[in-house]
1. Pull up segment 224-242, narrow it to residues that are within 29 Å of the chain's Cα centre (by Cα) and over 15 Å from Arg256 (Cβ atoms), then point me to the one that is surrounded by the most Cβ atoms within 10 Å (Cβ to Cβ).
2. Filter segment 333-383 down to the residues that are part of a helix (DSSP H, G or I) and hydroxyl-bearing (Ser, Thr, Tyr), then identify the one that is modelled with the lowest pLDDT.
3. Hey, among Ile82, Ile60, Ile109, which residue is surrounded by 14 or more Cβ atoms within 10 Å (Cβ to Cβ) and more than 26 Å from Ser201 (Cα to Cα)?
4. Given the criterion of a type in the set (Gly, Ala, Ser) and part of a loop (DSSP other than H, G, I, E, B), identify the matching residue among Ala191, Ala208.
5. Considering only residues that are in contact with a Gly (Cβ under 6 Å, 6 or more places away or on another chain) and hydrophobic (A, V, I, L, M, F, W, C), which ones fall in segment 319-346?
Amino acid sequence: MLNAIRWAPGGLSRVELASATGLAPQTVSNLSRRLLDLGLIEEGERVTQAAGKPRTMLKIRAEGRYAFGVHLDADRLVFVLIDFLGRLVASRTIIADPDAGPSEFCGVISSTLMDLRRNADVPRGRIGGAGVALPGLVVVDLESSGSDAFPRLQGLDFGSLLQESLELPVSLSGDIAANALGEYRVGAGAACEAPAYLHLSTRIGAAAIFSGEVFAGQNGRAGDLAHLVVDPDGPVCDCGQRGCAVACLTREAVVRQAAQRGLTADGPSPVGDGLQELHELVDNGTPEATDFVAAIARQVSNALVAVAGLMGSDAAIVGGAVWEALGESVLPQVVASVRGRVGSRGDDAPFPVLSGVLGQNAAALGAAYRELLAPREARSGNP
Ligand SMILES: [Zn+2]
């Protein structure tokens with residue numbers, strides 16, 4: 001019933017709720033009373049309809065419940081607090097220590113989240129839980145996905161440890177899926193029905209939204225694009241093929257290729273610096289850099305056509321460090337390149353390709369949003 005109210009713009013009246021949920025009017029009336037008493041919903045304006053008496057609209061109460069979101073990324077930890085409408089209340093980013101052990105991670109997460117809550121003046125009892133995004137696709141598999149980023153968390157039931165430490169329900173998700181959900185709910189894709197999300201950063205992956213959820217696949221590992229060939233003339237991949245997405249479009253691969261072409265300094269500087277350097281060269285119109293990012297635009301387009309075509313998506317959102325650095329420069333080429341290759345045929349409108357807008361908060365927001373909407377009874381199955 002809460003979700004029916006949530007997704008109706010302007011809220012729903014009790015009569016509309018009964019028809020939307022199939023519940024008896026008396027049940028709707030009793031449940032509404034309980035949700036009002038719990039402070040989860042509130043009464044809005046009275047709306048007069050053509051026939052019958054005025055109806056009072058029921059709406060989600062922003063202060064009714066809150067959720068924490070955490071993104072454990074390889075080089076930073078991002079924390080957010082959102083209200084029941086999904087709006088960002090507070091956020092903080094700290095530098096990650098990838099060699100930290102489980103108790104250090106639990107300690108720093110608990111103390112940072114409690115600090116955010118206190119500063120925002122949110123009562124402890126209003127926090128519904130914490131969504132945590134870890135390096136991975138849809139469902140986290142720490143043994144294979146998280147091991148390179150956080151070696152000391154490998155093989156642990158980190159969700160349960162964190163739940164004990166926080167004394168709150170905790171749900172884990174892969175950060176590519178969390179990015180997708182964040183952008184879909186409160187970011188670039190808020191107007192889309194079923195967007196595909198392409199993530200270009202240290203890892204490459206995609207996530208597709210179906211019925212408001214990230215499509216998980218049979219084993220929770222849908223969206224692995226690493227060895228999709230995006231450029232038949234691209235660099236040789238470890239797998240033996242030429243031009244896999246992982247060999248062309250990760251931030252490490254982009255920086256390595258730029259250095260090999262003599263565009264940027266080849267050295268031990270952080271990969272982020274290499275991307276920034278490349279961005280500046282493109283901005284200044286350096287022809288070699290422009291040619292190089294044109295190739296990246298074609299590769300991204302090929303990945304998008306594959307993902308959005310397979311999933312029947314109505315739009316594509318692209319995010320991650322590579323896109324944050326180069327997206328603005330290559331977006332027009334990508335839009336031109338996917339046009340006519342994906343989306344409805346015979347329609348002149350270009351297929352919408354959108355840049356993620358949530359930046360480094362995207363995954364934490366998506367994880368928090370997932371936690372906010374998690375039905376209580378479904379949580380027992382989650383760590
Ligand atoms: Zn490969």
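1. The residue in question is Val230.
2. Quick first cut of segment 333-383, residues part of a helix (DSSP H, G or I) only: 333-338, 359-373, 376-381.
Narrowing the set further to residues that are hydroxyl-bearing (Ser, Thr, Tyr) leaves 337, 369, 380.
Values: Ser337: 95, Tyr369: 94, Ser380: 37.
Checked segment 333-383; the qualifying residue modelled with the lowest pLDDT is Ser380.
3. Working: Ile82 fails: more than 26 Å from Ser201 (Cα to Cα); Ile109 fails: more than 26 Å from Ser201 (Cα to Cα).
After ruling out the rest, the residue left standing is Ile60.
4. On the way: Ala208 fails: part of a loop (DSSP other than H, G, I, E, B).
One residue alone meets the criteria, Ala191.
5. Here is the first cut: in segment 319-346, the residues in contact with a Gly (Cβ under 6 Å, 6 or more places away or on another chain) are 319, 342.
Hit for segment 319-346 is Val342, nothing else.
Residues checked against (1) within 10 Å of the ligand (Cβ to nearest atom); (2) under 15 Å from Ala303 (Cα atoms):
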{"residue": "Val229", "(1), (2)": "yes, yes"}
{"residue": "Val236", "(1), (2)": "yes, no"}
{"residue": "Gln241", "(1), (2)": "yes, no"}
{"residue": "Ala245", "(1), (2)": "yes, yes"}
{"residue": "Thr250", "(1), (2)": "no, yes"}
{"residue": "Val255", "(1), (2)": "no, no"}
{"residue": "Ala258", "(1), (2)": "no, no"}
{"residue": "Arg261", "(1), (2)": "no, no"}
{"residue": "Thr264", "(1), (2)": "no, no"}
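The values are calculated or read from the model by the stated rules, or taken from the named source; none is laboratory data. If you're wondering where the values come from, they're calculated on a predicted model, not measured in any experiment. With ideal geometry, Cβ positions are generated from the backbone for all residues, glycine too; neighbour counts draw on all protein chains shown.
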